[in-house]
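Just so it is clear, none of the values below were taken in a lab; they were calculated from the coordinates. In this text, all values refer to a predicted model and were calculated from it rather than measured experimentally. Neighbour counts run over all protein chains shown; Cβ positions are idealised from the backbone, glycine included.
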Amino acid sequence: KDKEKVKITEEDARKHFILLTIIQFMYGGLLSTYLVFYFRSTTFSVTWPFLLLLAIAFIINERFKKHSIRLVYQISFLYLSIFSFLIFIVPVIVGAVGTWVFLLSGILSLVVMRMFISKLKKYGRERFEKNKFTQKWAVLIIFLTINALYFGHLIPPLPLALKDAGIYHSVIKSGESVYVIKKEAETWQGNFVKYFSAYQDIHVPEGGRVYAYTSIFSPQYFQTTIIHEWSHYNEQKKKWETPSVLRLGAIGGREEGYRTYSMKSSLAPGKWKVNVETDDGSVIGQLRFNLIPVKSPPELITEIKN
């Protein structure tokens, strides 16, 4: 009997190891996918705290394997994965983004987690009872942290994603699906400076126009309002000022993204940024440029965007 008991224990241990390895692999795959997808869907300089949270979770899952046997560890990673997924899929289903959609995602994440724990309790009641307060606190902390990041506009507004964007001297729509843009001819000096600078140099004569062009991907039948928030950095006051906010419509379904643009003229010299946002202030992307006044227009080249 003792030999049989030892044999069963070894077999159970082997199954336990295999299951934990599978769970860790799945968590790693999910978190790495979320990290890449969220990173490609937003501006890192704005939403880096949420991306950092996912990155830390991914590193912990890869580095601290011995902690994966702990129930609290498993519950925490499962809830983070569920909440991150619902933040993406719920807007796709309802065809909208906004505060109420995010709150709905949060409520559903708690409901799903509650249902899962209730079912799991049947197979390990003593273990759950022993750690139930720690589990609840772990889920609550993750829930409150993600909510704090969202209301601080530090979570990208998935499923919206900025596919293409730029600051140009002219943007003209030609026909149904063609945009003709004019931009400054690129030089190796300009490319060198652009590579190491966060701001694109735009040379504009007095009274000249500047266009902010964006192509935003969203699912089919998805309609929302996109905001171009033009802000200028006041060197004297050392702060950003927002002289103009333009509201633009966007319709989903086009693989290359729904294209739209805004225009401003007679802009003050210096640093500018155009925040591409949703109605609730979530940042989809950001364009930065340094406006340099010139006496005569610079050499421009034409580009076609289909």
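Taking amide H as placed 1.01 Å from N in the peptide plane, Ile226 has its amide H under 5 Å from the amide H of Leu248, Gly249, Ala250, each at least 5 places away in sequence or on another chain.
Local charge for Glu235 was computed over the other residues whose Cβ lies under 15 Å away, with Lys and Arg +1 and Asp and Glu -1, and equals +4.
The phi-based Karplus calculation (6.51 cos²θ - 1.76 cosθ + 1.60; θ = phi - 60°) puts the 3J(HN,Hα) values of the range 229-242 at 9, 8, 10, 10, 8, 7, 5, 6, 8, 6, 7, 7, 10, 10 Hz, whole numbers, x for Gly and Pro.
Applying a DSSP loop filter and a limit of 11 other Cβ atoms within 10 Å to the GluC sites (Glu not before Pro) in the range 198-270 leaves Glu206, Glu235, Glu255. With each label modelled as a point 7 angstrom along the Cα→C-beta vector, the Asn306-Ala148 pair spans 4.9 nm. Largest first and in whole Å, the equivalent-ellipsoid semi-axes of the range 145-187 read 34, 15, 8, each the square root of five times a Cα gyration tensor eigenvalue. Net charge dipole, the range 200-305: roughly 260 debye, given to the nearest 20, about the Cα centre with Cβ charges of +1 for Lys and Arg and -1 for Asp and Glu.
How big is D, in µm² s⁻¹, for the range 220-299 by Stokes-Einstein at 10 °C and 1.306 mPa s if Rh is the Kirkwood radius over C-alpha pairs? In µm²/s, the coefficient rounds to 111.
Pairs spanning more than 30 Å between alpha-carbon atoms, out of Lys182/Lys271; Lys173/Lys295; Lys163/Lys238; Lys163/Lys295: Lys163/Lys238; Lys163/Lys295.
Phi angles across the range 98-104 convert, under the Karplus curve 6.51 cos²θ - 1.76 cosθ + 1.60 with θ = phi - 60°, into 3J(HN,Hα) values of x, 4, 5, 5, 5, 4, 4 Hz, Gly and Pro given as x. Close amide-amide hydrogen proximity is noted between Tyr199 and no other residue 5 or more places distant or on a separate chain, at a cut-off under 5 Å (H modeled in the peptide plane; Pro and chain starts excluded).
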